[in-house]
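Chemist: Once you've had a glance at the structure underneath, I'll fire off some questions.
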Amino acid sequence: MLDVEVIEDPAAAAVALDSVKSQLLAHLATPASAATLAARMGMARQKVNYHLRALEAHKLVRLAEERQWGGLTERLLVATASTYVVSPGALGPVAADPERTADRLSASYLIALGARLVREVGSLWHGAREANKALATLAIDTEIRFRSPAERAAFTHELTQTLTALVARYHDASAPGGRSHRVVLAAHPLPTPSPTKETP
């Protein structure tokens, strides 16, 4: 089972976003039969089978095991991944595109960059898995708390200079056999945690 799967097909995305089917996917983190799922969710087995067939048709679940019970065969299914992300590519021509955003300092541009990241890396990862190869990536995630807007601006200026110098040092557009990589650096405020209710 994959840690995360990127859904690129619009029809598969529609299936995964269905509330009942998404609940079934969550229950299928471990193999289970339609009868087991029906009991867990309080649904008729026939209805569960209907949803499972749709999930299986779009390769969101797969057969994990078959068991023989007398003259019957019980199929145990399992989700193909622990979690799923819908690629913006599934939205077709209305998908977010940073090239269509003029303001490079806007939140919409940052969101469009994130969308492109999911779309590109998701597509590359699918191809790498089909070729049974690893996909070389790099991700850095950290937090910083600025004392003032002035220090935030100074940090931004210094980081931009450092990154520009680093790229200039290692970039070679004419390198034979070289491969271009995309480097995305983003910063945004952390969401404010929701207040927790005190239990009496």
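Chemist: Identify the residue in segment 102-156 that is open to solvent by 50 Å² or more (accessible area, probe 1.4 Å), touching a helix residue (DSSP H, G or I) at 6+ places or on another chain (Cβ under 8 Å) and among the β-branched types (Val, Ile, Thr) and, among all such residues, is farthest from residue 191 (Cα to Cα).
Modeler: 137
Chemist: Among the candidates 66, 74, 99, 120, single out the residue that is of a type in the set (Asp, Glu), in a helix (DSSP H, G or I) and modelled with pLDDT under 95.
Modeler: After applying the criteria, what remains is 99.
Chemist: So how many residues does segment 72-125 have that are under 30 Å from residue 32 (Cβ atoms), out of contact with any strand residue (DSSP E or B) (no Cβ under 8 Å at 6 or more places or on another chain) and among the charged types (D, E, K, R)?
Modeler: Adding up the residues that qualify gives 0.
Chemist: Any residue at all in segment 166-189 that's open to solvent by 100 Å² or more (accessible area, probe 1.4 Å), acidic (Asp, Glu) and more than 20 Å from the chain's Cα centre (by Cα)?
Modeler: no
Every residue, every condition in (1) over 30 Å from residue 116 (Cα atoms); (2) open to solvent by 60 Å² or more (accessible area, probe 1.4 Å), yes or no:
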| site | (1), (2) |
| --- | --- |
| 48 | yes, no |
| 55 | no, no |
| 61 | no, no |
| 67 | yes, yes |
| 76 | yes, no |
| 80 | no, no |
| 89 | no, no |
| 92 | no, no |
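Chemist: So, one more: Test residue 90 against the criterion of being under 28 Å from residue 188 (Cβ atoms), within 18 Å of the chain's Cα centre (by Cα) and assigned to a loop (DSSP other than H, G, I, E, B), and give yes or no.
Modeler: Criteria not met by residue 90.
Chemist: Taking interchain pairs and intrachain pairs at least six residues apart, which have beta carbon atoms under 9 angstrom, with the first residue in segment 9-34 and free of Cβ contacts under 8 Å to residues at least 40 places away in the same chain and the second among the polar types (S, T, N, Q)?
Modeler: Note: pairs meeting the criteria are 27/36.
Chemist: Based on this model, can you work out whether residue 99 counts as of a type in the set (Asp, Glu) and open to solvent by less than 100 Å² (accessible area, probe 1.4 Å)? Reasoning before the result, please.
Modeler: Values: of a type in the set (Asp, Glu): yes; open to solvent by less than 100 Å² (accessible area, probe 1.4 Å): no.
Spelling it out, it is not the case that residue 99 is of a type in the set (Asp, Glu) and open to solvent by less than 100 Å² (accessible area, probe 1.4 Å).
Chemist: Before we move on, is residue 20 farther than 26 Å from residue 127 by Cβ, assigned to a helix (DSSP H, G or I) and among the β-branched types (Val, Ile, Thr)?
Modeler: yes
The values are calculated or read from the model by the stated rules, or taken from the named source; none is laboratory data. Since the model is a prediction, treat every value here as computed from it, not as a measurement. So basically every Cβ, Gly included, is an ideal-geometry build from the backbone, and we count neighbours across all protein chains shown. To get the accessible areas, we keep the full protein, side chains included, count just its heavy atoms, and leave off ligands, DNA and RNA. Shrake-Rupley method; radii C 1.70, N 1.55, O 1.52, S 1.80 Å.
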